[in-house]
Amino acid sequence: MKSLKFLVAAAFVGVLLLYSGCKPKKDPGLSIEDAQLVKLSKTWKCTSATLDGSAQTGYTNFQLTVTSTAGQKTFGYTTSGRPSLSPWPASGTFTFGTDVSTQVTRDDALPITYAVTDTQLQVTFNYAGSGFGRVSQVKGNWVFTFTP
């Protein structure tokens, strides 16, 4: 009987030692995609627009609204206040590129490089499509800077 109590106590201590060495599982947090979606998902107001290095007028009221849901690979956008000559359609979708933290592709296959913080979004792309206005005036290297 004494040895049975000893064996039970030893087994209990062994189990305690075994589990005391296990570290609790860490919360993995947001995926890279979801973290970027959180940063991107808001209404962005254009503060500057350049085409081939020249400042463009008409973007004072331009806004880009990005909408998404966690876990999505494709997410939507709408624009408002865009001038009649613009490389931006009224709405569409984005998907993440190879580097999720700096690349998206618009649904018209336009690759866009972006940099986003809580206070600024900058998008850069070379637009060569048929355009949403007169083509000759929207083709080229665009840089848009936005704030929330």
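Among the residues of the stretch 44-96, just one is without any contact (Cβ under 8 Å) to a residue 12 or more places away in the chain and either at positive phi or among the hydrophobic types (A, V, I, L, M, F, W, C) (or both), namely ALA55. Within the stretch 137-148, does at least one residue satisfy the condition of being under 30 Å from LEU30 (Cα atoms), in a loop (DSSP other than H, G, I, E, B) and either open to solvent by less than 40 Å² (accessible area, probe 1.4 Å) or of a type outside the set (Phe, Trp, Tyr) (or both)? Yes, the stretch 137-148 contains a residue that is under 30 Å from LEU30 (Cα atoms), in a loop (DSSP other than H, G, I, E, B) and either open to solvent by less than 40 Å² (accessible area, probe 1.4 Å) or of a type outside the set (Phe, Trp, Tyr) (or both). ALA115 satisfies every condition listed in (1) within 18 Å of ALA49 (Cβ to Cβ); (2) small (Gly, Ala, Ser); (3) modelled with pLDDT of 95 or more; (4) not in a strand (DSSP E or B) except (4).
The values are calculated or read from the model by the stated rules, or taken from the named source; none is laboratory data. Nothing here was measured: the structure is a model prediction, and the numbers come from that model. Cβ sites come from the backbone with ideal geometry, for glycine too, and all protein chains shown count toward neighbours. Side chains are part of the model used for accessible areas, which takes the heavy atoms of the whole protein and leaves out ligands, DNA and RNA. Shrake-Rupley method; radii C 1.70, N 1.55, O 1.52, S 1.80 Å.
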